[in-house]
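Visitor: Just passing along the structure, written as structure tokens.
FYI, it's all coordinate maths here, none of it is from the lab. Small disclaimer: the values here were computed from a predicted structure and weren't measured. No Cβ is skipped: glycine too gets one built from the backbone with ideal geometry, and neighbour counts run over all protein chains shown.
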Amino acid sequence: MSDDKSGSGVGRRDFLKGAAVGAASVTALASGAAESVPTAPVPGAETAAGGAKKDKADRTIARPGSDFMVDVIKTLGIDFVAANPGSSFRSLHESLVNYGTNSKPELITCLHEESSVAIAHGYAKAAGKPMAVMVHGTVGLQHASMAIYNAWCDRVPVMIFAGNGVDASTRRPGTEWYHSVQDPAAIVRDFVKWDDQPASLQHFAESAVRAYKIATTTPKEPVLVVAELDLQERAVDPHEKLMIPPLSLSIPSQGDGAALDEAARLLVAAKSPLIIADRAARDQEGVRRLIAFAEALQAPVIDLGARMNFPNTHHLQQNGARSELIREADVVLFLEVADPWGQLNTVTDPFHETRRIGREDVKTISLSFSDVYLKSNYQDFQRFMAVNLAITGDVQASLPDFAERVRRASGAGHKAVMAERAARFRKAHDQALSRVRKAAAVGWDLAPVTTARLSAEVYDVIKAEPWSLVVSDRLSWPRQLWPTTQFHQMLGGSGGQGVGFSLPGAIGAALANKQKGLLSVTFQPDGDALYAPGVLWTAAHHKIPLLMIMHNNRGYYQEVMHLQRMASLHNRPTDRALIGNEIDHPAVDFAKLAQSFGVWAEGPVTDPRALGAALRRALAVVKSGAPALVDVICQAR
Amino acid sequence: MHARLIAATLAAMLSAPIAHAADAGDAADAGGSAAGASGTAAIEHGRQLFIANTCYSCHGTAGQGAERTGPRLAPNPFPLVAFVMQLRQPRGVMPRYPKQFLSDADVADIHAYLSSVPASPPAESISLLDNFKPQP
């Protein structure tokens, strides 16, 4: 045997030394030597009780705390959990996919925590119930924070579980310290409704159930429960009696009867009553109730669009005459309106002059929860407006009783008034629609494509489908033109106007709509898509069918407008307003971008005549169960 | 007086019937420039100014208007004298375009460009818009 030259690391001399030691050991054992024989350590073995080394195989934890957490989550009826993976919730993640079999809830893999929460936000509006999100308690929550704020402003429930390791003595050096915090919720406490940091598994169970209940009680909002790392990873004490409280959802409360009576009298006596609705309806039943209420008065309705509150095919939907109706109204009823002051007043830009839109002597009634629950720091509560009658109550719950009180307050003489109003508003409604159609025709053949043409082309392709415009506040044309009668057809916007919501929010809503057999459609702004475009991969990976039509104007045109105003204010030319605002030179190829994430895509389409065929190809893909994107180069607005 | 003149001309413009469809590619001679290069050159110069000054961002590349930002300017823009007044002393939130940044000749060329924009097809002739007729 020669000295090892093979690189195995054992030379001749070492081999012989080892053999001598081994021989000595055997001799000692054979002779019954009392002294213990040193043994070479076995890699990976640890010391068990009594001093003997123990294998990893003997240290498994058959029932980690995170399994119990999954038991809790399953009782809440949560179908999906969105997450970008993180070590602070690794045990919960593993329990979900193995112990929980990755089913109800199913894990939705996201590439950014902002996407996780925005998906949950869009999902909740379409599904009518929340889904969950898992995030790192530090860096994950930081990423997620804008999306949580959007959901807060939009009054949408999201269940957030944040992983964190509060015990410093068990933290591994380095990253785990960067990813640990004393109070995880502090960064988002101003815009979650409730949060807790459970110290035991029983505490976790009670807090998770309570959190779900609070999130889904009007006003609905995001909530956060910390999933403590040690609680996740330690074994459940077999002697500990754990109990998961049953979930009992709060029944929405209606407005006070006497107050509704007074409101009914005011509205019936009004010469020009007006109803303004924002987040009035929760579902199609809410839409039906508002129709019945409005018809009891034959009062016009302005639907501000945070939800689909009132069909635009109904003669009383008078969005087209909004300014005129507000100017003339002698009684205005606000139904869960986020900004009543802003309906009757404005502040001009850029000189900040306050202007009154409504009558000085208008009587105002509000039915909402805005006086019951709000927070101070973030100013989403809008400007204060004193109202004549402020009724606290859930709009949808209150409407049947409210309508009945209106009917009782209406005398025989009121029938003629209502008949006249109905005829007048029917005519006005048809005339408004005719004006919108004429306006849509202007620039019909232009390139870049007008948003009116884009909207009309898309509708023609989807009109026979059970469509749902999952983010409905980006273009104004669909809400004006597309015949809309169902709650699910227009799901509103981001709430907080935090840009970057549209793409993941649409995907989340489409996830819910998939289970209902609805066709999800969205007009996708280019700037919004670029915040976290990786969510396109999530849509492809989870086979979420969604028809995405880019409103690609190659820039942030709201900000172009602001720069123009500032240049004018500063007495400077406006011809540099694209600097810092354009998304061009080079132009982003959204079709290639989407394709790189596994999404079928075509474009850019520049000729409006090519739209119909491209949209039909994309629709075929969506109907097969996958997302599809058509990039269209559009006018700025 | 100034405000009333603008209001009257704007009202006249908005109530005027839209002309029947012409060939979309036909950039006719505007014939309305008060100053500056005449004919096609003025129209093209006006178009370049309209884009460079980001007028299109609110009014659309052909002055067709946009729902939440700028009203329709074309086809049939209101008279040049009122157009100049609106640019120099705008009503509403529109930025101001003083002479030092847009000369009278520049404004005339922009007006010539907008005057050259052909009429769009009428809504009644567009089959896709039949999807949005009032329901019985």
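Visitor: Would you check which residues across region A:480-492 are more than 10 Å from chain B (Cβ to nearest Cβ), buried (at least 19 other Cβ atoms within 10 Å of the Cβ) and not hydroxyl-bearing (S, T, Y) and list them?
Guide: Correct list: A:F487, A:H488, A:Q489, A:M490, A:L491, A:G492.
Visitor: Just checking, how many residues over region B:89-130 are under 23 Å from B:R68 (Cβ atoms), in contact with a Gly (Cβ under 9 Å, 6 or more places away or on another chain) and touching a residue at least 12 places away in the same chain (Cβ under 8 Å)?
Guide: 5
Visitor: Regarding region B:63-85, can at least one residue be identified that is closer than 22 Å to A:V560 by Cα and more than 11 Å from chain A (Cβ to nearest Cβ)?
Guide: No - not one qualifying residue is present in region B:63-85.
Visitor: Please count how many residues of region A:349-364 are within 12 Å of chain B (Cβ to nearest Cβ) and in contact with a strand residue (DSSP E or B) (Cβ under 8 Å, 6 or more places away or on another chain).
Guide: 2
Visitor: A:V499 is checked against (1) under 18 Å from A:A628 (Cβ atoms); (2) outside any helix (DSSP H, G or I) and fails just one. What number does that condition carry?
Guide: It fails just one condition, (1).
Visitor: Tell me whether region A:621-635 contains one or more residues that are in contact (Cβ under 8 Å) with a residue 40 or more places away in the chain, of a type in the set (D, E, K, R), buried (at least 21 other Cβ atoms within 10 Å of the Cβ) and more than 12 Å from every other protein chain (Cβ to nearest Cβ).
Guide: Yes: one or more hits.
Visitor: Also, quick follow-up: What number of residues within region A:54-82 are in contact (Cβ under 8 Å) with a residue 24 or more places away in the chain and in contact with an Asp or Glu (Cβ under 8 Å, 6 or more places away or on another chain)?
Guide: Number of matching residues: 7.
Visitor: Which condition number in (1) within 14 Å of another protein chain (Cβ to nearest Cβ); (2) under 23 Å from A:D278 (Cβ atoms) is the one that A:G508 fails?
Guide: Failing condition for A:G508: (1).
Visitor: Moving to a separate point now. Restricting attention to region A:119-148, and to residues there that are surrounded by fewer than 24 Cβ atoms within 10 Å (Cβ to Cβ) and hydroxyl-bearing (S, T, Y), which single residue is farthest from A:G86 (Cα to Cα)?
Guide: A:S145
Visitor: Let me ask you something else. With A:Q515, A:Q524 as the choices, which residue is out of contact with any strand residue (DSSP E or B) (no Cβ under 9 Å at 6 or more places or on another chain) and touching a residue at least 60 places away in the same chain (Cβ under 8 Å)?
Guide: Every option except A:Q515 fails the conditions.
Visitor: Can you pull out the residues in region A:94-118 that are within 14 Å of A:A82 (Cβ to Cβ) and small (G, A, S)?
Guide: A:S115, A:S116, A:A118
Visitor: Could you please find all residues in region A:432-462 being closer than 26 Å to A:A299 by Cβ and more than 9 Å from chain B (Cβ to nearest Cβ)?
Guide: Answer for region A:432-462, where residues must be closer than 26 Å to A:A299 by Cβ and more than 9 Å from chain B (Cβ to nearest Cβ): A:A432, A:R435.
Visitor: Among the numbered conditions (1) more than 14 Å from chain B (Cβ to nearest Cβ); (2) in contact (Cβ under 8 Å) with a residue 12 or more places away in the chain; (3) in a helix (DSSP H, G or I), tell me where A:E404 comes up short.
Guide: (2)
Visitor: List the pairs whose first member sits in region B:46-61 and is farther than 12 Å from B:A74 by Cα, whose second member is crowded, with 24+ Cβ neighbours inside 10 Å and among the acidic types (D, E), and whose Cβ atoms are under 7 Å apart, counting only residues at least 6 apart or on separate chains?
Guide: B:G46/B:D109; B:L49/B:D109
Visitor: Checking B:Y97 against (1) in contact with a Leu (Cβ under 7 Å, 6 or more places away or on another chain); (2) at the interface with chain A (Cβ under 10 Å from one of its Cβ atoms); (3) within 23 Å of A:R435 (Cβ to Cβ), which test does it fail?
Guide: Here B:Y97 clears every test but (3).
Visitor: So which residues in region A:340-373 are under 31 Å from the mean Cα position of the chain (by Cα), within 18 Å of A:L389 (Cβ to Cβ) and not in a strand (DSSP E or B)?
Guide: A:P340, A:W341, A:Q343, A:L344, A:F369, A:S370, A:D371, A:V372 - these are the residues of region A:340-373 that are under 31 Å from the mean Cα position of the chain (by Cα), within 18 Å of A:L389 (Cβ to Cβ) and not in a strand (DSSP E or B).
Visitor: Please enumerate the residues belonging to region A:65-118 that are assigned to a helix (DSSP H, G or I) and in contact with a Ser or Thr (Cβ under 6 Å, 6 or more places away or on another chain).
Guide: Correct list: A:S66, A:D67, A:V70, A:S91, A:L92, A:S95.
Visitor: While we're on this one: Here are some conditions: (1) in a loop (DSSP other than H, G, I, E, B); (2) surrounded by fewer than 21 Cβ atoms within 10 Å (Cβ to Cβ); (3) more than 28 Å from the chain's Cα centre (by Cα). A:T574 meets all but one. Which one does it not meet?
Guide: Checking A:T574 against (1) in a loop (DSSP other than H, G, I, E, B); (2) surrounded by fewer than 21 Cβ atoms within 10 Å (Cβ to Cβ); (3) more than 28 Å from the chain's Cα centre (by Cα), the one that fails is (2).
Visitor: Identify, please: which residue in region B:105-123 is under 14 Å from B:L87 (Cβ atoms), in contact with a Phe, Trp or Tyr (Cβ under 8 Å, 6 or more places away or on another chain) and not β-branched (V, I, T) and is, among those, nearest to the other protein chains (Cβ to nearest Cβ)?
Guide: Going through the qualifying residues, I end up with B:L114.
Visitor: Based on what the data block shows, is A:A422 more than 14 Å from chain B (Cβ to nearest Cβ) and without any contact (Cβ under 8 Å) to a residue 40 or more places away in the chain?
Guide: Against the criterion (more than 14 Å from chain B (Cβ to nearest Cβ) and without any contact (Cβ under 8 Å) to a residue 40 or more places away in the chain), A:A422 does not qualify.
Visitor: Hey, among the residues in region A:268-298 that are assigned to a loop (DSSP other than H, G, I, E, B) and touching a helix residue (DSSP H, G or I) at 6+ places or on another chain (Cβ under 7 Å), which one's farthest from A:L491 (Cα to Cα)?
Guide: Of everything passing the filter in region A:268-298, A:S272 is farthest from A:L491 (Cα to Cα).
Visitor: Could you give every pair whose Cβ atoms fall below 8 Å, whose first residue belongs to region A:265-285 and is at negative phi, and whose second residue is surrounded by 17 or more Cβ atoms within 10 Å (Cβ to Cβ) and among the hydroxyl-bearing types (S, T, Y), counting only separations of at least 6 or pairs across chains?
Guide: A:V268/A:S410
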